[in-house]
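Scroll down for the structure; my scribbles are underneath it.
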Amino acid sequence: MIGAPRYLGEDPGLAQLMYQAQLDVFLTSLSSLMHATALLGTAGVTAAEALPELLQTVRGIPEMLEAGAENFGADIDAGKHPGDLSTITMMAATAEHIVGASEAAGIDLALPRAVQAHYLRAIEDGNGGDNWTRIIDGIRKPR
């Protein structure tokens, strides 16, 4: 199930927007799983072998996020993006490796390049030392 029934306020459009946001996370996650599966497939790893490993990463994301801050959502709302656990620059290097590996493997580059673009934009905006959450600024204000 995607989302749980709950009251979000008097504006009925907010419920639909929350649903669309949840689908955004869902569909992007599914695409990343298939991209990673395709990447591993170029090395002879079957989907049956790859997916259990990849799903462990998906399951670990909430724990990783919770370790990053007591309430990282409140930090985002307050414009706080401390780079004490990870930085934009570090994540951009990781994104570059994924683009490079995907290119070398001959698979589609659209998803990893889109992800990489968020980090490169934050670096261009002078935020390389901030936490990865700073990418929200570029998402909120596209060029």
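The values are calculated or read from the model by the stated rules, or taken from the named source; none is laboratory data. Model, not experiment: these values are computed from the prediction. Note that we place each Cβ from the backbone using ideal geometry, even for glycine, and neighbour counts take in every protein chain shown. Ligands, DNA and RNA are stripped out before the accessible areas are found, and what is left, the full protein with its side chains, is counted by its heavy atoms. Shrake-Rupley method; radii C 1.70, N 1.55, O 1.52, S 1.80 Å.
Which one, Ala122, Ala95, Ala15, has the greatest fluctuation when you compute a Gaussian network model over the chain with C-alpha springs under 10 angstrom?
In the Gaussian network model the winner is Ala15.
Could you tell me which of rounded, prolate or oblate describes the chain, using a ≥ b ≥ c as the square roots of the eigenvalues of the alpha-carbon gyration tensor, with rounded for a/c under 1.5 and, failing that, prolate when a/b is larger than b/c and oblate otherwise?
Taking the square roots of the gyration eigenvalues as a ≥ b ≥ c, the chain is oblate.
Mind listing which trypsin sites (Lys or Arg not before Pro) in the range 63-124 are in a DSSP loop and have 14 or fewer other Cβ atoms within 10 Å?
Lys80
Please build a GNM for the chain, connecting alpha carbons under 10 Å apart, and tell me which residue among Gln116, Gln16, Gln56 fluctuates the most.
Ranking Gln116, Gln16, Gln56 by mean-square fluctuation puts Gln16 first.
Which one of Leu65, Ala50, Gly79 is farthest out on the positive end of the charge dipole of the range 37-87, using unit charges on Cβ (Lys, Arg +1; Asp, Glu -1) and the Cα centre as origin?
Positive-most Cα among the choices belongs to Ala50.
Can you give me the C-alpha center-to-center distance between the range 113-138 and the range 22-55, rounded to a whole angstrom?
Using only Cα atoms to place each centre, the spacing works out to 24 Å.
Tell me, what is the percent relative contact order of the chain, built from C-alpha pairs under 8 Å that lie six or more residues apart?
In percent, rounded to a whole number, it is 22.
Find, among the GluC sites (Glu not before Pro) in the range 1-94, those assigned to loop by DSSP (not H, G, I, E, B) with at most 13 other beta-carbon atoms within 10 angstrom.
The qualifying sites are Glu10, Glu70.
Pull out a ≥ b ≥ c, the square roots of the eigenvalues of the alpha-carbon gyration tensor of the range 60-140, then state rounded if a/c is under 1.5, prolate if not and a/b is larger than b/c, and oblate in the remaining case.
It comes out prolate by the Cα gyration axes.
Whenever you get a sec, compute what percent of the accessible area on the range 27-143 sits on carbon and sulfur atoms (1.4 Å probe).
Answer for the range 27-143 is 60 percent, counting heavy atoms of protein chains only.
Calculate, for the chain, the solvent-accessible area per residue in square angstrom, rolling a 1.4 angstrom probe over the heavy atoms of the protein chains.
Spelled out: the 1.4 Å probe surface of the chain, per residue, equals 68 Å².
With springs only between Cα atoms under 10 Å apart, run a GNM on the chain and tell me which of Asp125, Asp24, Asp108 wobbles the most.
Highest fluctuation of the listed residues: Asp24.
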